[in-house]
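Note sheet for the following structure.
Read-outs: derived from the displayed coordinates by stated rules, not from any lab. Everything quoted here is computed from the prediction, not taken from an experiment. With ideal geometry, Cβ positions are generated from the backbone for all residues, glycine too; neighbour counts draw on all protein chains shown.
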Amino acid sequence: MMKLVECVPNFSEGRDKNVVNQIAEAIKINDHVKILDVEMDPDHNRSVITFVSPVEYAVDAAFSGIKKAAELINMEKHRGAHPRFGAADVVPFVPLFDTTIEECVKLAWQLGERVGKELGIPVYLYEKAAKVEWRKNLADIRNESFQYEQLKEHIKEERWKPDFGPSEVGTAGATIIGAREFLIAFNVNLNTTDVSIAKKIAKSIREKTGSFKNVRALGFELKERNMVQVSMNLLNYKETPIYRVFEAIKMEAESYGVSVAEAEIIGLVPLDALTDALRVYMKLRGFKSDQVFENKLLSAFI
């Protein structure tokens, strides 16, 4: 079997479909690179493109997408609910099958060096690819209080020296590149316009404030939908399942007299993460993931 890697770049454009389509087309450098999913969010003004390729094409494909984003997205004009550093905001590599996380780290370093040298964009390495200890956690690099505007002001300070590229910020901003295991982007929307409730719930469930392990969470206002959102990254669904986080949010929301309107998954999700929820909510006794037809079919041909 060929070695495969997933890449899930996040771009700071979620309203102009033409721009996002051009970036997706740029990523597809050849027939070996497969675009699996494109998600756009107008409130966050952010898109997530998921692609899979053999390891040897992954850096070229990601680089092409970053280059196109830098041409099309001007961070001076960008506004959205989600924290962001740059046009190509976050670019993680994820190992698939027998590809190792160490191989993904090498891809992240190779991509970071190219982006810094060839595009003149500052690059920060995070998660398993981090070269600076405090940059392992994405939220410690870029967050609600430190984004593109703050980076422009502080980038010449020693603390904010990029891992690659210049210590100056252009209209493409900076890019955060890393290597990580499979992440689930999971949001829960609440039937209220009070964003303080979403922020309080986010604080109550995230690992950083002593709650669920491997959970990153923020609270946002969704003006177009007249509700608020608890937006999460679940870094390890096996240790902290989706259903457990959902139930905690539901309970917290009820304590504020608020109900859950809906939940959403951004991008792709492992089937095991969903069968876990199925097993719990339907009280299925002894149900195993190899009872799923598609899993059996896949195993027969791989």
Open item on the list: I need 145, 211 ordered by Cβ neighbour count within 10 Å, fewest first.
Closed with: 145, 211
Task: the chain, relative contact order in percent, only Cα pairs under 8 angstrom and at least six apart counted - done: 16
Open item on the list: Rg/Rh for region 143-302 to two decimals, with Rh computed the Kirkwood way over all alpha-carbon pairs.
Closed with: 1.06
Open item on the list: Tell me the Kirkwood radius of region 184-269: reciprocal of the mean inverse pair distance over distinct alpha-carbon atoms, in Å.
Closed with: 12.5
Task: Positive-end extreme of charge dipole, region 69-211 - chosen from 83, 69, 105 (charges on Cβ) - done: 83
TODO: Quote the convex hull volume per residue of region 4-179, based on C-alpha atoms, as a whole number of Å³.
DONE: 97
TODO: For every other residue with a beta carbon closer than 13 angstrom to the beta carbon of residue 153, add +1 if it is Lys or Arg and -1 if Asp or Glu, then tell me the sum.
DONE: 0
Task: Cα-based equivalent ellipsoid of the chain: semi-axis lengths in Å, sorted from largest, via gyration tensor - done: 30, 26, 18
TODO: Using per-residue counts of other Cβ atoms within 10 Å, averaged over each peptide, order 19-25, 152-158, 273-279 from highest down.
DONE: 19-25, 273-279, 152-158
Open item on the list: What do you get for trypsin sites (Lys or Arg not before Pro) in region 2-98 restricted to DSSP loop and a cutoff of at most 12 other Cβ within 10 Å of the site's Cβ?
Closed with: 77, 79
TODO: Report the charge-dipole magnitude of region 1-80 in Debye, nearest 20, computed about the Cα centre from +1 at each Lys and Arg Cβ and -1 at each Asp and Glu Cβ.
DONE: 100
Open item on the list: Among 55, 14, 263, whose Cα projects farthest towards the positive end of the dipole of the chain, with charges put on the beta-carbon of Lys, Arg (+1) and Asp, Glu (-1)?
Closed with: 263
Open item on the list: With +1 on the Cβ of every Lys and Arg and -1 on the Cβ of every Asp and Glu, and nothing else charged, how large is the dipole of region 4-179 about its Cα centre, in debye rounded to the nearest 20?
Closed with: 300
- [ ] Determine, for 290, 16, 41, the number of other Cβ atoms within 10 Å of each Cβ, and report the residues in order from fewest to most.
- [x] 290, 16, 41
Open item on the list: Using the Cα centre of the chain as the reference point, and only Cβ charges (+1 on K/R, -1 on D/E), how large is the resulting charge dipole? Debye, rounded to the nearest 20.
Closed with: 500
TODO: Among 93, 246, 287, rank each residue by its count of other Cβ atoms within 10 Å, from fewest to most, as a rough exposure measure.
DONE: 287, 246, 93
